[in-house]
Amino acid sequence: MSLVRLIVGVALLSFSTSIFAQRKEIREVDTNDRLMKVVNLTMGRSTVISFEHKPLKIVSGNSNYFNVEFVGNDLTIQPLAPIETNLFVYTEKGTKFGFILKVGPLSLYDDILYIKWKTQNEILLKSLKPQKVLQPFKLFLADGPEINVKKFLRLGEIKSYLIDLEILNKGDKLKTSNLDIFVSRSNQRFIGQKLVFEKDEIKKNERTKARVLTRIEQSQDFSLIIHRDGKEVKSIITKEYL
């Protein structure tokens with residue numbers, strides 16, 4: 001390799017490294033008064049923390065080493081020394097936020113943080129991957145009704161689910177109170193589940209709807225079981241649908 005090519009290569013590498021080192025970041029942060037979120041600062045730069053409601057008061061663990069200014073709904077923070085501390089912010093709406101201020105390299109600092117108040121449940125739901133859709137399927141009780149499993153859906157509350165079913169009665173009139181539908185794992189019913197029917201009785205060749213509401217604490221396979229007059233049929237629903 002010639003000396004000229006070597007010099008050009010080193011110059012290009014230095015330029016690329018310089019561009020990367022000056023990378024800045026704008027983030028949206030979901031939080032509430034039960035969480036402490038990290039704010040990445042760097043010497044010689046200011047970071048803006050932007051709130052939905054105007055901040056009125058701050059409490060810092062070490063205010064001597066940080067310059068903080070109020071600008072409308074924003075706080076600007078500039079570190080004066082490479083010191084880590086905590087910061088609490090109180091807004092005009094009465095909300096409180098907690099932060100850990102960390103001073104680090106230029107390549108990691110935050111330019112702007114947009115703070116959004118979210119409940120713990122909303123934050124957890126946002127972190128979940130989209131639920132895989134369970135395709136409808138049928139279960140048949142011997143000499144009994146046909147059960148069409150229509151939907152398995154995660155609810156807005158973490159670990160809460162519903163199962164929607166349609167029941168076709170092919171025999172004599174059936175009281176739904178004699179039909180037990182539940183979910184279990186290792187022959188243990190899930191605690192607190194509820195079963196509701198659209199009708200109290202189903203005539204021959206008539207359809208009705210049912211719904212099972214349950215919590216599923218562990219991400220493991222489980223069974224959907226239909227029981228009537230000593231007869232039982234079940235299907236395993238795998239954890240990939242949770």
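The values are calculated or read from the model by the stated rules, or taken from the named source; none is laboratory data. None of the values given here were measured: they were computed from a predicted structure. Note that we place each Cβ from the backbone using ideal geometry, even for glycine, and neighbour counts take in every protein chain shown.
Yes/no matrix, rows are residues, columns are (1) surrounded by fewer than 13 Cβ atoms within 10 Å (Cβ to Cβ); (2) without any contact (Cβ under 8 Å) to a residue 12 or more places away in the chain; (3) part of a loop (DSSP other than H, G, I, E, B):
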| site | (1), (2), (3) |
| --- | --- |
| Tyr114 | no, no, no |
| Asn121 | yes, no, no |
| Leu125 | no, no, no |
| Pro130 | yes, yes, yes |
| Gln135 | yes, yes, yes |
| Leu139 | no, no, no |
| Gly144 | no, no, yes |
| Lys150 | no, no, no |
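With Asn73, Asn86, Asn62 as the choices, which residue is modelled with pLDDT under 95, in contact with a strand residue (DSSP E or B) (Cβ under 9 Å, 6 or more places away or on another chain) and not hydroxyl-bearing (Ser, Thr, Tyr)?
Criteria check complete, one pass: Asn62.
Is it true that Glu166 is at pLDDT below 95, charged (D, E, K, R), under 31 Å from the mean Cα position of the chain (by Cα) and farther than 15 Å from Ile236 by Cβ?
Details: at pLDDT below 95: no; charged (D, E, K, R): yes; under 31 Å from the mean Cα position of the chain (by Cα): yes; farther than 15 Å from Ile236 by Cβ: yes.
So Glu166 does not fit the description; no.
Here's a check for you: in region 163-206, which residue that is assigned to a strand (DSSP E or B) and charged (D, E, K, R) is surrounded by the most Cβ atoms within 10 Å (Cβ to Cβ)?
If we filter region 163-206 for residues that are assigned to a strand (DSSP E or B), which is where we start, we get 163-168, 174-175, 180-185, 188-189, 194-197, 201-202.
Okay, now just the ones that are also charged (D, E, K, R), so 164, 166, 175, 180, 185, 189, 194, 201.
On the way: Asp164: 15, Glu166: 18, Lys175: 11, Asp180: 12, Arg185: 15, Arg189: 12, Lys194: 10, Glu201: 14.
Within region 163-206, the match that is surrounded by the most Cβ atoms within 10 Å (Cβ to Cβ) is Glu166.
Determine which single condition Leu213 fails, assuming it passes every other condition in (1) farther than 30 Å from Thr31 by Cα; (2) surrounded by fewer than 16 Cβ atoms within 10 Å (Cβ to Cβ); (3) at pLDDT 95 or above.
With (1) farther than 30 Å from Thr31 by Cα; (2) surrounded by fewer than 16 Cβ atoms within 10 Å (Cβ to Cβ); (3) at pLDDT 95 or above applied to Leu213, the lone miss is (1).
Report, by residue number, each residue of region 216-228 that is surrounded by 12 or more Cβ atoms within 10 Å (Cβ to Cβ), in a loop (DSSP other than H, G, I, E, B) and either on the phi > 0 side of the Ramachandran plot or not β-branched (Val, Ile, Thr) (or both).
Asp221
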